[in-house]
Amino acid sequence: MSEAAHNVEVLKEAYRRWSESRGGSVDHWMGICAADIRFGSLAKGMQGAEYMTAYDSRDALGEYFAGLGRDWEMLEFVPEHFVAQGDRVVMLGRCAFRHRHSGKVVASPKADAWRFAGGKAIEYYEYYDTAQVGAAVG
């Protein structure tokens, strides 16, 4: 199996667990990340969702998952396509989350860009509708 195919399989399993557990598989995500992962989110720490920002270690990344679990209820997460080349994988899909405090639902296309080295994720950046997130947390 090629490196690209292996990375896709790692991510398919992680997204399957994420979807089936409705966001409860944080430990699995942490397990596929390198200790020095570079993580970024399109929201860039917007007011009300400061944890949706950049991180430069797996330990710090726990803040992202803690905030997400505290403030949002996952309604659905559907990974639809995986595109891989070399050490990079892009997941294209869709998701819907309800903000626990405002009750507003954010339903958005989702794109996640990954880079792997030595079998671990070393870079990640997520893309989604930040205008909806801002309206939900505002």
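Among the residues of segment 50-71, those that are in contact (Cβ under 8 Å) with a residue 40 or more places away in the chain and within 11 Å of VAL26 (Cα to Cα) comprise LEU68, GLY69.
Filtering segment 82-107 to residues that are out of contact with any Ser or Thr (no Cβ under 9 Å at 6 or more places or on another chain) and more than 23 Å from ILE37 (Cα to Cα) leaves ARG98, HIS99, ARG100, HIS101, SER102, GLY103, LYS104, VAL105, VAL106, ALA107.
Would a scan of segment 129-138 turn up a residue that is over 16 Å from LYS12 (Cβ atoms), in a strand (DSSP E or B) and touching a residue at least 12 places away in the same chain (Cβ under 8 Å)?
The first filter runs over segment 129-138 and keeps only residues over 16 Å from LYS12 (Cβ atoms), leaving 129-138.
The next check asks that each one be in a strand (DSSP E or B); those that pass are none.
Scanning segment 129-138 turns up no residue that is over 16 Å from LYS12 (Cβ atoms), in a strand (DSSP E or B) and touching a residue at least 12 places away in the same chain (Cβ under 8 Å).
Checked against (1) farther than 19 Å from GLU9 by Cα; (2) touching a strand residue (DSSP E or B) at 6+ places or on another chain (Cβ under 8 Å), TYR124 passes all but a single condition, namely (1). Take segment 14-38 and flag every residue that is touching a Ser or Thr at 6+ places or on another chain (Cβ under 8 Å), outside any helix (DSSP H, G or I) and of a type outside the set (Gly, Ala, Ser). Those that are touching a Ser or Thr at 6+ places or on another chain (Cβ under 8 Å), outside any helix (DSSP H, G or I) and of a type outside the set (Gly, Ala, Ser): ASP36, ILE37. Scoring LEU11 on the criteria (1) farther than 30 Å from GLY138 by Cβ; (2) touching a residue at least 24 places away in the same chain (Cβ under 8 Å); (3) outside any helix (DSSP H, G or I); (4) not charged (D, E, K, R) leaves a single failure, condition (3). Of all residues in segment 29-41, exactly one satisfies the criterion of being buried (at least 17 other Cβ atoms within 10 Å of the Cβ) and free of Cβ contacts under 8 Å to residues at least 40 places away in the same chain, namely TRP29.
For the structure I just gave you, tell me whether LEU61 is under 20 Å from SER108 (Cβ atoms) and not polar (S, T, N, Q). Walk me through it before giving the result.
On the way: under 20 Å from SER108 (Cβ atoms): no; not polar (S, T, N, Q): yes.
Answer is no for this residue.
Based on this model, can you work out whether PHE65 counts as within 17 Å of TRP114 (Cβ to Cβ), surrounded by 14 or more Cβ atoms within 10 Å (Cβ to Cβ), among the aromatic types (Phe, Trp, Tyr) and in contact with a strand residue (DSSP E or B) (Cβ under 8 Å, 6 or more places away or on another chain)? Working first, answer last.
Numbers: within 17 Å of TRP114 (Cβ to Cβ): yes; surrounded by 14 or more Cβ atoms within 10 Å (Cβ to Cβ): yes; among the aromatic types (Phe, Trp, Tyr): yes; in contact with a strand residue (DSSP E or B) (Cβ under 8 Å, 6 or more places away or on another chain): no.
It is false that PHE65 is within 17 Å of TRP114 (Cβ to Cβ), surrounded by 14 or more Cβ atoms within 10 Å (Cβ to Cβ), among the aromatic types (Phe, Trp, Tyr) and in contact with a strand residue (DSSP E or B) (Cβ under 8 Å, 6 or more places away or on another chain).
Among the residues of segment 54-69, write down those that are assigned to a helix (DSSP H, G or I), within 14 Å of the chain's Cα centre (by Cα) and not aliphatic (A, V, I, L, M). Within segment 54-69, ARG58, GLY62, GLU63, TYR64, PHE65, GLY67, GLY69 meet the criteria.
Bear in mind these aren't lab numbers, they're just calculated from the coordinates by the rules spelled out. Given the structure is predicted, the values throughout are model-derived calculations rather than measurements. With ideal geometry, Cβ positions are generated from the backbone for all residues, glycine too; neighbour counts draw on all protein chains shown.
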